[in-house]
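Since the structure comes first, as structure tokens, the remarks are kept for the end.
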Amino acid sequence: MKVCYSLATTDMEGGAQSLLDLIKLDLNNNVDPYVILSHKCPELEQKLKAQNVKYVIILHGTDCKDSNLLKLYLKKIINYISVFRIERYLKKEKIDILHNNSAISLVGMKAAYKLGIPYICHIREAIEEGLNLKMINNDELYYYINNSYKYITISEYIKDCYINHIDKNKNVTFYDGIDVDRYSMKNRKIGKNINKVLFVGRYSDSKNQLDALEALNEIINSEKKEVFMTFVGTIGDEKYYNSLIEYTKHNNLENYATFLTYTDDLTKLRENNDISIMCSVSEGMGRVTVEAMLSKQIVIGSATGATKEIIAQGKNGFLYDLKDTKSLANLICQIITTDNSKLQAISNNAYEYAINNFSNDKQNKKVIDLYNEIMK
């Protein structure tokens, strides 16, 4: 069967990584994958080429509002044209199923709907709460989701964000599958770098690196303990990124906080940091948290979104209340003074939980089952 994936964005985080994991399973299950990219993305294109996946670039944007009215007008025109271009592509390649990889873009679903091609909408985000975005037309979003064969929500939290607006009978909820072998550090021992903390995530207000920095400031300047934090991610909001740098300088944290741009291979960074932290305002699933569990790091997350579904306090990680940075600082200090054997037990629990609940074969096989159901 021919399945075409329509992507809203082409950064190498979150949705794109989940797509690559799904395509890897596709190739072993008689699925012929095609990909529509919204614009050029050399890194993602290289990965698709490496797997011999056919793809096309059809310029389009999200269906989210823009404060710049001219940009919004141009985006509407580009998206209107892109629907016709996607229609032609779907007909030319004789696509059986369209898989919309995100709820913030409707062009793929519009084209499939016009052609009578069954489609699935993969909802990965809480648009307003998690991304701080607003759709141009919510009713249009709900209309196309309601006319999908099924829509997949990647956590109970995401399901609850939409369930009152769309047909609950068409919903299936399961976590994204992850290539566990890629991130597994089964033999990792906690203790060597217990005062080193890694924060992986796009530099943006929604990922909320500031909570971690304020906690670090509390630890260094009030608690007088040595903790080192490494932040790594793409710069989603340059103004926000610069504010983090300014905060670091203003509070004399330059020797304790390191800022790196995104890297595809985090193995060395995870090896060198025993603790992983995620302070997101509203995480749709928490892929980075799961990757940290597979790397057998001690995970800390804000008690928001789907993060509180994944982390069981004191059993496979730790939760703190969003914006309560003094409490977060105390939690980090508590962890670095905890007996290594107790931390190792928590790390082992997290690893087993991630293996049992997020393996690519188990989770993404459910997507393949949906494709087979459609074809029948």
Taking the stated definitions as given, is residue 214 assigned to a loop (DSSP other than H, G, I, E, B), in contact with a helix residue (DSSP H, G or I) (Cβ under 8 Å, 6 or more places away or on another chain), of a type in the set (D, E, K, R) and touching a residue at least 12 places away in the same chain (Cβ under 8 Å)?
no
Enumerate the pairs (first residue in region 247-272 and aromatic (Phe, Trp, Tyr); second residue anywhere and surrounded by fewer than 17 Cβ atoms within 10 Å (Cβ to Cβ)) with beta-carbon separation below 6 Å, excluding pairs fewer than 6 apart on the same chain, so at least 6 apart or on different chains.
262/234
Can you go through 187, 195, 208 and tell me which one is within 15 Å of the chain's Cα centre (by Cα) and either more than 30 Å from residue 246 (Cα to Cα) or modelled with pLDDT of 90 or more (or both)?
208
Search result, residues across region 7-30 that are farther than 29 Å from residue 232 by Cα, surrounded by fewer than 21 Cβ atoms within 10 Å (Cβ to Cβ) and touching a residue at least 24 places away in the same chain (Cβ under 8 Å)
27, 29, 30
Just to be sure before I move on: is residue 313 free of Cβ contacts under 8 Å to residues at least 40 places away in the same chain and under 30 Å from residue 225 (Cα atoms) in the structure I sent?
yes
Subset of region 171-223, residues more than 22 Å from residue 264 (Cα to Cα), buried (at least 21 other Cβ atoms within 10 Å of the Cβ) and touching a Cys at 6+ places or on another chain (Cβ under 8 Å), comes to 211, 212, 219
If you take the residues in region 254-271 that are over 26 Å from residue 44 (Cβ atoms) and hydroxyl-bearing (Ser, Thr, Tyr), which one is nearest to the chain's Cα centre (by Cα)?
258
Criterion (in a helix (DSSP H, G or I), surrounded by fewer than 16 Cβ atoms within 10 Å (Cβ to Cβ) and not acidic (Asp, Glu)) met by exactly one of 348, 330:
348
Condition check: in the same structural domain as residue 293 (by TED's automatic domain parsing), touching a residue at least 12 places away in the same chain (Cβ under 8 Å) and either among the basic types (Lys, Arg) or not in a helix (DSSP H, G or I) (or both). Does residue 205 satisfy that?
yes
Residue 176 being at pLDDT below 95, among the acidic types (Asp, Glu) and in contact with a Lys or Arg (Cβ under 7 Å, 6 or more places away or on another chain)
yes
Select from region 220-249 the residues that are more than 17 Å from residue 274 (Cα to Cα), outside any loop (DSSP other than H, G, I, E, B) and not hydroxyl-bearing (Ser, Thr, Tyr) and list them in ascending order.
220, 221, 233, 235, 238, 239, 242, 244, 245, 246, 249
In region 267-311, how many residues are of a type in the set (Ser, Thr, Tyr) and in a helix (DSSP H, G or I)?
3
All positions within region 151-174 that are part of a loop (DSSP other than H, G, I, E, B) and either within 20 Å of residue 365 (Cβ to Cβ) or touching a residue at least 40 places away in the same chain (Cβ under 8 Å) (or both)
154, 155, 174
Working only within region 351-374, note down all residues that are among the small types (Gly, Ala, Ser) and part of a helix (DSSP H, G or I).
354
What's the number of the only condition in (1) surrounded by 19 or more Cβ atoms within 10 Å (Cβ to Cβ); (2) in contact with a strand residue (DSSP E or B) (Cβ under 6 Å, 6 or more places away or on another chain) that residue 354 fails to meet?
(2)
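The values are calculated or read from the model by the stated rules, or taken from the named source; none is laboratory data. All of these numbers come straight from a predicted model, not from anything done at the bench. With ideal geometry, Cβ positions are generated from the backbone for all residues, glycine too; neighbour counts draw on all protein chains shown.
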